[in-house]
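Enquirer: Structure in structure tokens, see below.
The values are calculated or read from the model by the stated rules, or taken from the named source; none is laboratory data. These numbers were taken from a predicted model, which means no experiment stands behind them. Here Cβ is always computed from backbone atoms with ideal geometry, including for glycine, and neighbour counts include all displayed protein chains.
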There are 2 protein chains.
Amino acid sequence: MRLLHRENIEDIAIGAAILGTGGGGDPYIGKLMAIDAIEEEGPVKLMDPSEVPDDALVVPTAMMGAPTVMIEKIPRGDEVLEALKMLERKFGKRALATISAEAGGLNSTIPLAVGARLHIPVVDGDGMGRAFPEIQMVTFHLHGIKASPMTMSDEKGNSVLLEAVDNHWVERLSRAVTVAMGGSAMIALYAMTGAQVKESAVHGTISLAESLGRSIREARAKKEDPIKKIMGMLNGFELFKGKVVDVKRRTVAGFARGEARFEGIDEYKGEELLIHFQNENLVAIRNGNIVASVPDLITVLETETALPITTEGLRYGYRATVLGIPCNEKWRTKKGLEVVGPRYFGYDIDYIPVEERMGRMKK
Amino acid sequence: MRLLHRENIEDIAIGAAILGTGGGGDPYIGKLMAIDAIEEEGPVKLMDPSEVPDDALVVPTAMMGAPTVMIEKIPRGDEVLEALKMLERKFGKRALATISAEAGGLNSTIPLAVGARLHIPVVDGDGMGRAFPEIQMVTFHLHGIKASPMTMSDEKGNSVLLEAVDNHWVERLSRAVTVAMGGSAMIALYAMTGAQVKESAVHGTISLAESLGRSIREARAKKEDPIKKIMGMLNGFELFKGKVVDVKRRTVAGFARGEARFEGIDEYKGEELLIHFQNENLVAIRNGNIVASVPDLITVLETETALPITTEGLRYGYRATVLGIPCNEKWRTKKGLEVVGPRYFGYDIDYIPVEERMGRMKK
């Protein structure tokens, strides 16, 4: 267990947005929410999964919806507490800790704000090791944990408790409510025991995000190349270096869907990269060939600063370096690929790990 | 308090569909649900509003959604019990009785099935004296009663508890859930005290429905004109007599919307009637002139049998008599017309009571 202070949050928000692979929410809003909470309530405790008692109740808290909406519909801050409290009432038991459902600028920091406000620890881990767009796309689901009962609340004061027959129905019903709430909602779901956290969560995600954020900060201060540092830390690959020349983006059915086109610069001159996204980046296609796909991470960094660019932040003219990063091993299993492999997202291709794709390209 | 048996249900389902003004669900499905329950559990008690203790908990139960969907997605029967029980758990109190939210072939009989299954009485009344398509369109709402907490459940086993800031938000959120549940859901909402029932409900709706159904049955047996009898009982007017020549119907956003065109027969030969509907009939336009509008009832009866035709049952070739029937006085107030007047439904006209419109036409 250690304490996270304001400075840690700055690093975590940036690092988490790198792992957020375009989604998981805006790091600036996420940072503000957590920092506000810490300044008012004091530092938040970060707890290693191994420290969570086996019979403790742990409840993930998050934002659901299109990040494009979230930018203009900033949460009031207490709606996520309301979601958690509703779920606690449902179980007749207080949550010993909260945890992130996914890594992302907002969804890594919301649990930190919750932890600070309610004076409960946050478990150092998450349910993806990255961000994904749908409710069932968490390692918790792979381990048979039920998303429901799930609670949702919005900034107007509306709240909903869902109990669905399976996690796909939770996704369907909660997505409809999210859209009706105006495109985003604050949620609590996948309530589980400490024993389940240990087994099902991706461990160490918050610490990893913090290291990534700190490395960028330190490398920039020392005039070193922060992107190289990040690639080293995540065993990542440079997929492309270019300039954003076209972004198509629609908010449909509660998701930000679209594609971004990059024109190559430096050694990629004359080449093109296309990224498809649904909140998160799904596939990267270089000169017509897939170079990375879900569940591996496709992360867009501003070349100059190494700061992550979310899918809703992509703008014409940005100079960016695109990385491909191997995902957590849990996603590379048969069950994992059924849930988040390229076929689930409508791509008629087999998943090939990014390191394999890059190895082939070098030959 | 009196007991309702199988025979009573047959009459109630027909009479309620007349009051349902095209909506409120299919009387055949409604009848079956209530009769099944009575045959298995015994007769159901009908309680006059004056008999309900002031501090009793009374919970309306209903089907929500497009009646076009309901025909193909017949309720299992116990999902509405689940909705009621969820709400009871929320209040930590058993419902002393249930009541109809609206008059209609299905929504008048669902509470009877609930009453039979749970051995609780059904209050002789409803929240409309007719059917309307949206959650806030009940006299309960006019009297300041909150629709939420509201529970919803479907035949798959999914359930939802909503708590919204006002009744319009209940409508918005529950409509989204209804659509996600496949277009229809069973619901419990507008939990209220006995005192509130007395003040806010339309009294005697079930008995009225039963009288209407019985009158049709008896008139047909005696070879009398059942439609004339109904007009007399409801102070209604004959708006048109004709043949259905065109029906446009779409299920959109959880509603059955559309219009039906009738070609005149007998004394209406050469004339035309157009009815617009949203689950229920909204306006009747004869030769280009509005002859009746919400909140007054526009009811389509098969000319030969006097059996009510729901909006989803309208088919080319049906010979029908269309009646205009004055609505309950509660709807004719300023607040009532704000909630269900023609302007709410997008018609830029003032409400003129049907008896006034018909009086003008005769001059």
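Enquirer: Only residues that are surrounded by fewer than 23 Cβ atoms within 10 Å (Cβ to Cβ) and either closer than 19 Å to B:ALA256 by Cβ or modelled with pLDDT under 95 (or both): list them for segment B:315-328, please.
Expert: Result: B:ARG315, B:TYR316, B:GLY317, B:TYR318.
Enquirer: For segment A:288-308, give me each residue that is surrounded by 20 or more Cβ atoms within 10 Å (Cβ to Cβ) and either hydrophobic (A, V, I, L, M, F, W, C) or touching a Cys at 6+ places or on another chain (Cβ under 6 Å) (or both).
Expert: Across segment A:288-308, the qualifying residues are A:VAL291, A:ALA292, A:VAL294, A:PRO295, A:ASP296, A:LEU297, A:ILE298, A:VAL300, A:LEU301, A:ALA306.
Enquirer: Of the residues in segment B:303-326, how many are of a type in the set (Ser, Thr, Tyr), closer than 15 Å to B:GLU238 by Cβ and in a loop (DSSP other than H, G, I, E, B)?
Expert: Residues meeting the conditions: 1.
Enquirer: Do you know which of the residues in segment B:18-33 that are modelled with pLDDT under 95 and part of a helix (DSSP H, G or I) is surrounded by the most Cβ atoms within 10 Å (Cβ to Cβ)?
Expert: Ranking the candidates gives B:GLY30 first.
Enquirer: Take the residues in segment A:327-363 that are of a type in the set (Lys, Arg) and either touching a Phe, Trp or Tyr at 6+ places or on another chain (Cβ under 6 Å) or assigned to a helix (DSSP H, G or I) (or both), then tell me which one is nearest to A:ARG286 (Cα to Cα).
Expert: My answer is A:ARG357.
Enquirer: Next up: For segment B:146-171, name all the residues that are facing chain A (nearest Cβ under 7 Å) and either touching a strand residue (DSSP E or B) at 6+ places or on another chain (Cβ under 6 Å) or surrounded by fewer than 24 Cβ atoms within 10 Å (Cβ to Cβ) (or both).
Expert: Of everything in segment B:146-171, those that are facing chain A (nearest Cβ under 7 Å) and either touching a strand residue (DSSP E or B) at 6+ places or on another chain (Cβ under 6 Å) or surrounded by fewer than 24 Cβ atoms within 10 Å (Cβ to Cβ) (or both) turn out to be B:LYS156, B:GLY157, B:SER159, B:VAL160, B:LEU161, B:LEU162, B:GLU163, B:VAL165, B:TRP169.
Enquirer: Also, I was wondering about something else. Is it fair to say A:ARG117 is away from chain B (no Cβ under 12 Å) and in contact with a helix residue (DSSP H, G or I) (Cβ under 8 Å, 6 or more places away or on another chain)?
Expert: yes
Enquirer: Right, something else. Considering A:ARG217, A:ARG319, A:ARG315, A:ARG257, which residue is under 20 Å from the mean Cα position of the chain (by Cα), basic (Lys, Arg) and closer than 20 Å to A:ASP26 by Cα?
Expert: After ruling out the rest, the residue left standing is A:ARG257.
Enquirer: Suppose we filter segment B:249-275 for residues that are out of contact with any strand residue (DSSP E or B) (no Cβ under 8 Å at 6 or more places or on another chain) and not in a strand (DSSP E or B); how many remain?
Expert: 2
Enquirer: Is it the case that segment B:234-242 has a residue that's surrounded by fewer than 17 Cβ atoms within 10 Å (Cβ to Cβ) and free of Cβ contacts under 8 Å to residues at least 40 places away in the same chain?
Expert: Looking through segment B:234-242, none of the residues is surrounded by fewer than 17 Cβ atoms within 10 Å (Cβ to Cβ) and free of Cβ contacts under 8 Å to residues at least 40 places away in the same chain.
Enquirer: Okay, next question. State the number of residues belonging to segment B:161-171 that are part of a strand (DSSP E or B) and either within 17 Å of B:ALA253 (Cβ to Cβ) or without any contact (Cβ under 8 Å) to a residue 24 or more places away in the chain (or both).
Expert: The number of residues fulfilling the criteria is 2.
Enquirer: Quickly run through segment A:276-302 and pick out the residues that are outside any strand (DSSP E or B) and either basic (Lys, Arg) or within 21 Å of the chain's Cα centre (by Cα) (or both).
Expert: A:ASN279, A:VAL294, A:PRO295, A:ASP296
Enquirer: When you scan segment B:35-66, how many residues do you find that are surrounded by 17 or more Cβ atoms within 10 Å (Cβ to Cβ) and either at positive phi or among the aliphatic types (A, V, I, L, M) (or both)?
Expert: Here the count works out to 16.
Enquirer: Looking at A:ILE285 and the list (1) of a type in the set (Val, Ile, Thr); (2) surrounded by fewer than 21 Cβ atoms within 10 Å (Cβ to Cβ); (3) over 21 Å from A:ILE352 (Cα atoms), which single condition is not satisfied?
Expert: Result: A:ILE285 fails condition (3) only.
Enquirer: Within segment A:250-259, is there a residue that is buried (at least 24 other Cβ atoms within 10 Å of the Cβ), in the same structural domain as A:CYS327 (by TED's automatic domain parsing), within 24 Å of A:PRO353 (Cα to Cα) and not basic (Lys, Arg)?
Expert: Checking segment A:250-259: not a single residue is buried (at least 24 other Cβ atoms within 10 Å of the Cβ), in the same structural domain as A:CYS327 (by TED's automatic domain parsing), within 24 Å of A:PRO353 (Cα to Cα) and not basic (Lys, Arg).
Enquirer: Go through segment A:203-224 and give me each residue that's in contact (Cβ under 8 Å) with a residue 12 or more places away in the chain and out of contact with any Leu (no Cβ under 9 Å at 6 or more places or on another chain).
Expert: A:HIS203, A:GLY204, A:SER211, A:GLY213, A:ARG214, A:SER215, A:ARG217, A:ALA219, A:ARG220
Enquirer: Hey, another quick one. Quick check on this structure: which one of A:GLY125, A:GLY182, A:GLY129 is under 26 Å from A:GLY346 (Cα atoms) and of a type outside the set (S, T, N, Q)?
Expert: Answer to the selection: A:GLY129.
Enquirer: Which numbered condition trips up A:GLN278, out of (1) among the polar types (S, T, N, Q); (2) out of contact with any Lys or Arg (no Cβ under 7 Å at 6 or more places or on another chain); (3) under 19 Å from A:VAL354 (Cβ atoms)?
Expert: Against the list (1) among the polar types (S, T, N, Q); (2) out of contact with any Lys or Arg (no Cβ under 7 Å at 6 or more places or on another chain); (3) under 19 Å from A:VAL354 (Cβ atoms), A:GLN278 comes up short only on (2).
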